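J.: First the structure, which I've put down as structure tokens, then a few questions once you've had a look.
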Amino acid sequence: MKTTIILLVGLSLNLVLETHAQLLDGKPTETRVTHGPMLGRPDSDSMSLWVRTERPGKVRVLYGTNKRIFTHEASVETTDISRDNTAIITIDKLKPNTRYYYRIADHQLEGSFRTMPSAVDFKNPKGNPEGLFNFKFEFACGNNQGGGGDGAGPTVPVFETLNAKVRNNINFAILNGDWLYEQRRDYPPKDWLRQVGLDTMLEAPRIVQKAPTLVGVWENYKTYLARGRNLSEWHRHVPSFYTADDHELINDIYGAGEAGYVNRRAVFRDIATKAWFDYLAWANPVQHNTSP
């Protein structure tokens, strides 16, 4: 009888401690995440998440090392309408080489990631003075969701295999171009205005007023993420780096790197590259040298 009482008291104490340590969702929020999260910028002490929302607003991420108990929180105050209501949330002060679990607050959008190892943990004055360590990554090219013999179709079955057998065994992935192929690029600006809750182009961000075809490239990315559920699942668990190929811009584009070349297809590179940074290339380490 004494043993039973001790066990019950111990169980009650543990439940109280867990309740105090665990972060909860709180009241429902009007900010709805429509796409993402996607992981990027992996480091030994940080990770970043990309999200897109229906309307500009605050997004909270709950995270921790226990899959069922989230003990920390990170957030972004508002998503950016000039980037199609997207934003980046950076989680910092993490432990190296550690598996973390996370979920977008007030959503069922969850995932996990492992931080990169730290050189400090591997340094040895004689055998490894630089703290070198091994790591694994996945490398691929192309996510064609078209059918008709040009691709495996909208089910992108390779990601079933990658999610089941690869994602927990690598540190990051590299997508070497053609993350998307041209679909819905003719999406009308008036439909985009309705999608984000604006009435006229006068309310639209300056970039959309000057380059309205940008919304078609944004829609292309959203279509691929919404339809490719296994693709989206992969990006919720694996941070990636990206290169751009022709389909990020226009199929078989040429002359895009030639200064002064005036050609409609070639100069579309600027519009499409803007969308690429909004949706994917934010994850790349980019250094801009603005000196003369």
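J.: In whole Hz and in residue order, list the ³J(HN,Hα) couplings for the stretch 116-130 that follow from phi through the Karplus curve 6.51 cos²θ - 1.76 cosθ + 1.60, θ = phi - 60°; x for Gly and Pro.
T.: Karplus values, whole Hz, x for Gly and Pro: 5, x, 10, 4, 4, 6, 10, 5, 9, x, 9, x, 8, x, 8.
J.: For the pair PHE122 and ASP270, how long in nm is the line joining their label points, each one 7 Å along Cα→Cβ?
T.: Taking the two extended label points, one gets 4.3 nm.
J.: Among the helices of the chain (complete DSSP H runs), which have Cα atoms covering no less than 15 Å along the helix axis and a Kyte-Doolittle mean of at least 1.0? The partial results should precede the final answer.
T.: Working: long enough: 2-21 (29 Å, 1.23); 214-227 (20 Å, -0.16); 264-279 (23 Å, -0.47).
Long hydrophobic helices here: 2-21.
J.: Sticking with this one: Under 18 Å Cα to Cα from LYS95, which lysines show up? Leave out anything in the same chain fewer than 8 places away.
T.: Here the lysines satisfying the reach criterion relative to LYS95 are LYS67, LYS123.
J.: Hey, another quick one. Looking only at Cα atoms, what is the convex hull volume of the stretch 27-116 per residue, in Å³? Before the final figure, lay out the partial values.
T.: Values: hull volume 7.5 nm³, N = 90.
That works out to 84 Å³ per residue.
J.: How much length is gained if the chain between ASN134 and ASN251 is pulled fully straight, taking 0.36 nm per residue apart and subtracting their Cα-Cα distance, in nm to one decimal? Don't jump to the answer; show the numbers that get you there.
T.: Details: separation 117, 0.36 × 117 = 42.12 nm, distance 3.69 nm.
Gain on stretching ASN134 to ASN251: 38.4 nm.
J.: List the aspartates and glutamates whose Cα sits under 15 Å from the Cα of LYS58, skipping any in the same chain fewer than 8 residues away.
T.: Reachable aspartates and glutamates: ASP25, GLU30, GLU73, GLU77, ASP80, ASP84, ASP106.
J.: Per-residue counts of other Cβ atoms within 10 Å, averaged by peptide: what ranking do you get for 150-161, 119-130, highest first? The partial results should precede the final answer.
T.: Values: 150-161: 14.3, 119-130: 10.2.
With the highest mean Cβ count within 10 Å placed first, the list reads 150-161, 119-130.
J.: How do the peptides 233-242, 68-77 rank, highest first, by the average count of neighbouring beta carbon atoms within 10 Å per residue? Could you put the intermediate results ahead of the total?
T.: Numbers: 233-242: 21.8, 68-77: 14.6.
Sorting 233-242, 68-77 by mean packing, highest first, produces 233-242, 68-77.
J.: Further question: For LYS165, which lysines qualify as cross-link partners when the Cα separation must be under 19 Å and same-chain residues fewer than eight apart are set aside?
T.: Within the straight-line limit of under 19 Å, LYS165 reaches these lysines: LYS136.
J.: Using 1/(1 + (r/R0)^6) with R0 = 25 angstrom and r between the beta carbons of GLU54 and MET201, what's the FRET efficiency to the nearest 0.05?
T.: Details: r = 20 Å, r/R0 = 0.78.
Efficiency for this residue pair is about 0.80.
J.: Return the equivalent ellipsoid semi-axes of the chain as a descending list in whole Å, where each equals the square root of 5 times an eigenvalue of the C-alpha gyration tensor. Show your work: numbers first, answer last.
T.: Details: eigenvalues 294, 128, 71 Å².
Computed over the chain, the values are 38, 25, 19 Å.
J.: Per-residue ellipticity at 222 nm for the chain, helices alone: DSSP H runs ≥ 4 residues times -39500 (n - 2.57), over residue total, nearest 500 deg cm²/dmol? Could you put the intermediate results ahead of the total?
T.: Details: 8 runs with 84 residues, N = 292.
When only DSSP H runs of four or more count, the value is -8500 deg cm²/dmol.
J.: Using a/c under 1.5 as the rounded threshold, could you call the stretch 75-203 rounded, prolate or oblate? The axes a ≥ b ≥ c are square roots of the C-alpha gyration tensor eigenvalues, and prolate needs a/b larger than b/c, oblate otherwise.
T.: Values: a/c = 2.57, a/b = 1.55, b/c = 1.66.
The shape class here is oblate.
J.: Just want the ordering: GLU219, GLU203, from fewest to most Cβ atoms lying within 10 Å of their own Cβ. Don't skip to the end; give the middle numbers.
T.: Working: GLU219 21, GLU203 13.
With the fewest neighbours first, GLU219, GLU203 line up as GLU203, GLU219.
J.: A further question follows. In whole Hz, with x marking every Gly and Pro, tabulate ³J(HN,Hα) for the stretch 85-92 from phi via Karplus 6.51 cos²θ - 1.76 cosθ + 1.60, θ = phi - 60°.
T.: Using θ = phi - 60°, the values come out as 6, 10, 7, 10, 10, 9, 9, 10 Hz.
J.: With +1 on each Lys and Arg Cβ and -1 on each Asp and Glu Cβ, how big is the dipole of the chain about its Cα centre, in debye rounded to the nearest 20? Walk me through the numbers on the way to the answer.
T.: Numbers: 35 positive and 33 negative charges, 162 e Å.
The calculated dipole for the chain is roughly 780 debye.
J.: Considering amide H positions built from the backbone, and no H for Pro or chain starts, which residues 5 or more places from ASP43, or on another chain, come under 5 Å of its amide H?
T.: It is MET116, by chain and number.
J.: What would the Debye equation give as log₁₀ I(q)/I(0) for the stretch 207-292 at q = 0.16 Å⁻¹, counting only Cα atoms as equal point scatterers?
T.: Here the Debye-derived log intensity ratios amount to -0.76.
Rule-based calculations on the coordinates, nothing more; no lab input. All values derive from a computational prediction rather than experimental measurement. All Cβ positions, glycine included, derive from the backbone under ideal geometry; neighbour counts span all protein chains shown.
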